[in-house]
Structures are given as structure tokens and as C-alpha cells.
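Below is one structure, written out as C-alpha cells; the observations come after it.
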Amino acid sequence: MQIYPPDDPFLIQFMLGTFEVALRWYGVLIVAGAMIAGQWAANRAAKRGHDPEHMWNMVVFGMIMGIAFARIYYVIFEWPRFANQSWLMIINPATGGLAIHGALIGTALAAYIYTKRNNLNMIEWLDITMPTFMLAQAIGRWGNFFNQEAYGRPSDLGFGVVIDAPYRIPPYNDLDTYPASTLFHPTFLYESLWNFVGVGLLILIERRFRDVLRRGDMILFYAIIYGIGRLWIEGLRVDSLCTDLIGGGCGDSLRVAQIASIILIVGGVIGLWFNHARHIEEAVDVADDEGDNSEVVEAKSLFDESAAPETVRIEDAMLDKVNQTRPLTIESMPENKPKE
């Protein structure tokens, strides 16, 4: 079974005089994913009593910072390719080259700046966005399909994506060795499906363990889930960023994304252990301060669903008493009442 991408990566492309107007499917899918995820994140924030406008502001700011840092990250590790290029070529993402780990850095920095300026708790807001962010990634990955990029090595599974010769990188552009019918691993599809599964896992964890989750746990679970998926998927790709600053299959050198994924996984596991060990220690300290016979105080979970205080009914007699004791106003004085 083969998957064949559209011949044209452009949704819109025409000349307006001497100016080219072009809109790529890649950009449409990234923006669409961000908007869908933003709406979901805003709803999640509102359900927890937060102003959803803050979420939309962070989505817009995060997109700008995320794209900028995704490009910076990519250029750094592909510098030999850009060393002799113009600055316009270097900063223009339309020429190809955005790295998701750079986008993670950019969006995290955007969240830090925005929450700091608005006196919000960054960790709490990031917890809210983690499932939605992974959804945006799952949708945006399909932009690689339209661009015929982010594909893997030739597949022997009888299933894969067809890549046209102009979009192949060496040695796969040799049609004698790798004919036009060659199927490649659709790593963009693998990662998209993995991210959809990750969304489901995060929501399941959030609902099943809501009584024990701590602030920051959703961020850490995201890091572990995404890191595991990207670690094995990256091993199939033929256009990876390599630690020897050369892109491609990387040969014997390590792939940058795999190192970053290992850091995410290890950091997530250690973070979860530290987050819960710290809360247990705090609870024990509280119990010790209250005496040996006191019960261990449970650390506050991420979700506070304690019942609201009961509404006290004010009896009619109490209302009459309040009315009798309220101060006189000019309107209520006898001499100011209208005569019959």
C-alpha cells in the first residue's frame, strides 16, 4: 500500500504583477492545529476558573516564539548548509528547516515571559496546555506530507510513502538504485499517530489519577510520552539533524533529536519522582509539627474539587430585624413622606 502526496505543496500560488502570492499547506496545517488546540486550551482554562483570553494571548505569542526558535535551532545544527547564504535565506523558514525541539524551547520561553508579566503561575498554565499542544503537533505534522519531507529510509513492509525525485536527498535521488516506485517510511505519519495516542494518554492520566496529580505532572508526562515516540521515530529518518553538524541519515554519529528526546524522558522521570517525593516530605513535615498522633496531611492535588460552602437561608424574621435596625434615610423620615 502506498501513500502519494499531492503534486503541489501550495494551497494558493499566483503572481500579482511582479509579486508572488503563495500559501503552503504546511503553514495552513500548522496554524489550523494551533487554532484548534488554542480553542480547546481556552475551554480547559475557563473550566478551571481562569480567563481564557490569557490562553489565546499565549497561543499567539507562543506561535511567534516557537517558529522563531524552531528556525534558530535548525540553523544552528545545519550551519554548514547556511554559512555562505544571505540573512534572508537563513531566517526564512519557507526555504525548509524547522526543528520541533527548538519550538518547544520557544513556546516555553513565551509562556515564561507572558505569565511573569501577568502574575500567572506558568506551571499551572502549561499543565493545562500539554494535551492541546500535543494535538497541535499531531495536526501540524501533516504539513510534512504535503512538502514531501520528514520521511524515513526505504520501507520493506509493503507500506510507505512515495517521494518524487526532486524531494529526495542523496543517495535516494539515484533513480537507478531507488526507482520512482520506492516506498519510504512515512515518519510524519508515525509521529502524528503517536501524538494522537499521546493526547489520549494524557487525558486518561489526568482523569484516572486526578486525586494524586501534582502541579507540573502533566508537563513531565508530556516530556516522557513525546520523548519515547520521537526517540524511535527519529531513528528511521533520513533527514535528521546530526551531532557532527551534517544532516541526513547521520551514519555513525548521533542524531540531535534523539539526544533531546533522551533528555526529555530522563528529565520527565526524575521530575515526577522529585515532584511527588517533595510533596510527601512536605506532608510528613506538617504531620511532625502537629505532633506524633496527628494524621499525615495530604498534599494538595492538581485539581481542587472540594464542595463549595453551603448557602445559608436567611429567615424572614431575620430580614425584618435587619430592616428595623437599618439607619433612617431622608426618604424614610415621616416629614418627607407625601401627604395623602
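Derivation of every value follows stated rules applied to the coordinates shown; laboratory data play no part. Please read all numbers here as calculations on a predicted model, not as lab measurements. Using ideal geometry, Cβ is built from the backbone for each residue, glycine included, and neighbour counts are taken over all protein chains shown.
Which residues, taken from region 122-151, are more than 20 Å from residue 29 (Cβ to Cβ) and touching a residue at least 24 places away in the same chain (Cβ under 8 Å)?
If the condition is that a residue be more than 20 Å from residue 29 (Cβ to Cβ) and touching a residue at least 24 places away in the same chain (Cβ under 8 Å), then 123, 124, 125, 126, 127, 128, 130 are the ones that fit.
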* To do: Name the residue, out of 76, 105, 64, 139, that is hydrophobic (A, V, I, L, M, F, W, C), in a helix (DSSP H, G or I), loosely packed, with under 15 Cβ neighbours inside 10 Å and under 14 Å from the mean Cα position of the chain (by Cα).
  => 64
* Structure fact -> When region 147-192 is checked residue by residue, the ones that are under 16 Å from residue 237 (Cα atoms) and part of a helix (DSSP H, G or I) are 147, 167, 187, 188, 189, 190, 191, 192
* Asked: Quick check, is residue 39 without any contact (Cβ under 8 Å) to a residue 24 or more places away in the chain, surrounded by 15 or more Cβ atoms within 10 Å (Cβ to Cβ), farther than 21 Å from residue 227 by Cα and polar (S, T, N, Q)?
  -> yes
* To do: Among the residues of region 182-201, count how many are touching a helix residue (DSSP H, G or I) at 6+ places or on another chain (Cβ under 9 Å), over 19 Å from residue 126 (Cβ atoms) and aliphatic (A, V, I, L, M).
  => 3
* Asked: When only residues in region 202-216 that are surrounded by 13 or more Cβ atoms within 10 Å (Cβ to Cβ), more than 17 Å from the chain's Cα centre (by Cα) and in contact (Cβ under 8 Å) with a residue 24 or more places away in the chain count, which is farthest from residue 125 (Cα to Cα)?
  -> 212
* Do you know which residues across region 1-22 are within 30 Å of residue 186 (Cα to Cα), out of contact with any helix residue (DSSP H, G or I) (no Cβ under 7 Å at 6 or more places or on another chain) and not aromatic (Phe, Trp, Tyr)? -> 1, 2, 3, 7, 8, 12, 13, 21, 22
* Working only within region 5-19, note down all residues that are under 28 Å from residue 168 (Cβ atoms), loosely packed, with under 10 Cβ neighbours inside 10 Å and among the β-branched types (Val, Ile, Thr). => none
